[in-house]
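Below is one structure; the comments refer to it alone.
The values are calculated or read from the model by the stated rules, or taken from the named source; none is laboratory data. Note that the structure is predicted; figures quoted are calculated from it, not measured. Note: ideal-geometry Cβ built from the backbone for every residue, glycine included; neighbour counts use all protein chains shown.
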Amino acid sequence: MAQYELITIDELGAETVQYHEERAGVTLAALLADIVAARANIAEGESSKNPTSVSCNDPTITAEGNLKKREETRAWMMLQILSEFRGTNEEDERRFSISARYN
């Protein structure tokens, strides 16, 4: 697995986030909400209710520490990918849009 630096949304800066959200057509908060909701797919274990554990499987628990950084980093990476592959003209936008991928 590739190594990357974990980062929180607070460390990114509002202008940076806004730029990528506009290009991607989705908010960082929406991506993060989907990641948090996906916790329900993690198998039950000893750390299932621990807000700092990557094996936390309760989407109602507010993430802290390492879990918070991992989830926010994932959302940020997803936002960057969507932002970078969004086209600059109508033809490119159709080619690289998510909706076009499934049509």
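Data table
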| quantity | calculated |
| --- | --- |
| Any hit, the stretch 31-53, residues being under 15 Å from S83 (Cα atoms), out of contact with any strand residue (DSSP E or B) (no Cβ under 7 Å at 6 or more places or on another chain) and either outside any helix (DSSP H, G or I) or not charged (D, E, K, R) (or both) | yes |
| Test: residue in the stretch 10-21 that is assigned to a loop (DSSP other than H, G, I, E, B) and at pLDDT 90 or above | yes |
| Per-region count, the stretch 1-13, residues among the aliphatic types (A, V, I, L, M) and without any contact (Cβ under 8 Å) to a residue 12 or more places away in the chain | 2 |
| Output for the stretch 11-45, where each listed residue is within 13 Å of A75 (Cα to Cα) and among the charged types (D, E, K, R) | E21, D34 |
| Filtered residue count, the stretch 63-81, keeping only those that are acidic (D, E) and free of Cβ contacts under 8 Å to residues at least 24 places away in the same chain | 1 |
| Close pairs from the stretch 14-37: first among the β-branched types (V, I, T), partner part of a loop (DSSP other than H, G, I, E, B), Cβ under 7 Å, at least 6 apart | V36/P59 |
| Filter result (closer than 15 Å to K68 by Cβ and under 14 Å from the mean Cα position of the chain (by Cα)) within the stretch 11-28 | L12, L28 |
| Scan of the stretch 66-93 for residues that are loosely packed, with under 12 Cβ neighbours inside 10 Å, assigned to a helix (DSSP H, G or I) and either out of contact with any helix residue (DSSP H, G or I) (no Cβ under 9 Å at 6 or more places or on another chain) or modelled with pLDDT of 95 or more (or both), ordered by number | E90, E91 |
